[in-house]
Amino acid sequence: MMRKNFTNDLKGLQSDLLAMGALVDGALHEALTALKNHDIQLAGKIIEHDSIIDEMQIAIEDKCLMLIALQQPLATDLRILSTALKITIDLERIGDHAKNISEVTIEIGRQSLLKPLKDISAMTEKVRAMLKDALRAHLEMDTSLAEAVWRADDEVDDLCESLLRELLTGMASDPSTIHQAGQFLYIARCLERAGDHASNIAECVVFLATGQRIK
């Protein structure tokens, strides 16, 4: 009976991670929407709701630590719990980046945007796809899908570097653009780091499936 209960607890933990991931994905989507539409109210809502993501992280961590203390799991079960602890950290930090983007949106306010958001939009959608694939890879223990997430991270990095070069060139040729270009640089870095965290989740999948750590 105890083993059955433990198995059910592990399944519940997976459901909690997926629920947290859905909230984080929603925050990224809404952060881009708020930026595109100069939606200060939506940006404020994202910032306010970041506390919900933080609370979910704490609840999942508490559950993991309780199961480790009470069940003293070994081998694969211990890896499940240890990777869940790490995944919650990466999810929480992606949520922080969505909040950071929303703070910039409020700062920009009703100002006309320096440039179309094509690059920012592409980065956001790639990061969201990486996050969803990483969580699905974790659910299905799919190392091939996890590897695809790493490859997608290279694409996000390339988009970020391209945008950085464009913005820095524009700042050099027109100093009046420096302030908002700097805000765009910050947003690009937030998305690039969010992609790194999604990639970290994919690395957890490989560790969970094989016991091998990715360097």
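Assorted remarks:
- When residue 151 is tested against (1) surrounded by 13 or more Cβ atoms within 10 Å (Cβ to Cβ); (2) under 22 Å from residue 91 (Cα atoms), exactly one condition is not met: (1).
- As a summary of the residue check, residue 132 satisfies the conditions (1) under 18 Å from residue 30 (Cα atoms); (2) free of Cβ contacts under 8 Å to residues at least 12 places away in the same chain; (3) assigned to a helix (DSSP H, G or I) except for the one numbered (2).
- Total residues in the range 69-85 satisfying the condition of being of a type in the set (Gly, Ala, Ser) and either modelled with pLDDT under 90 or touching a strand residue (DSSP E or B) at 6+ places or on another chain (Cβ under 7 Å) (or both): the figure is 2.
- Number of the exception - residue 41 against (1) out of contact with any Lys or Arg (no Cβ under 9 Å at 6 or more places or on another chain); (2) more than 17 Å from residue 15 (Cβ to Cβ); (3) modelled with pLDDT under 95; (4) not aromatic (Phe, Trp, Tyr): (3)
- Across the range 24-48, the number of residues qualifying as buried (at least 17 other Cβ atoms within 10 Å of the Cβ) and of a type outside the set (A, V, I, L, M, F, W, C) comes to 3.
- Tally of residues being aliphatic (A, V, I, L, M) and under 16 Å from residue 13 (Cβ atoms) across the range 127-152: 3
- Per the listing 119, 154, the residue uniquely farther than 22 Å from residue 23 by Cα and either in contact with a helix residue (DSSP H, G or I) (Cβ under 7 Å, 6 or more places away or on another chain) or not in a helix (DSSP H, G or I) (or both) is 119.
- Within the set 207, 184, the sole residue that is aromatic (Phe, Trp, Tyr) and either crowded, with 21+ Cβ neighbours inside 10 Å or not in a helix (DSSP H, G or I) (or both) turns out to be 184.
Conditions (1) among the polar types (S, T, N, Q); (2) at pLDDT below 95, marked per residue:
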{"position": "1", "(1), (2)": "no, yes"}
{"position": "15", "(1), (2)": "yes, yes"}
{"position": "22", "(1), (2)": "no, no"}
{"position": "48", "(1), (2)": "no, no"}
{"position": "53", "(1), (2)": "no, no"}
{"position": "67", "(1), (2)": "no, yes"}
{"position": "90", "(1), (2)": "no, no"}
{"position": "96", "(1), (2)": "no, no"}
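The values are calculated or read from the model by the stated rules, or taken from the named source; none is laboratory data. Only a predicted model underlies this, so the values are computations on that prediction, with no experimental measurement involved. Cβ sites come from the backbone with ideal geometry, for glycine too, and all protein chains shown count toward neighbours.
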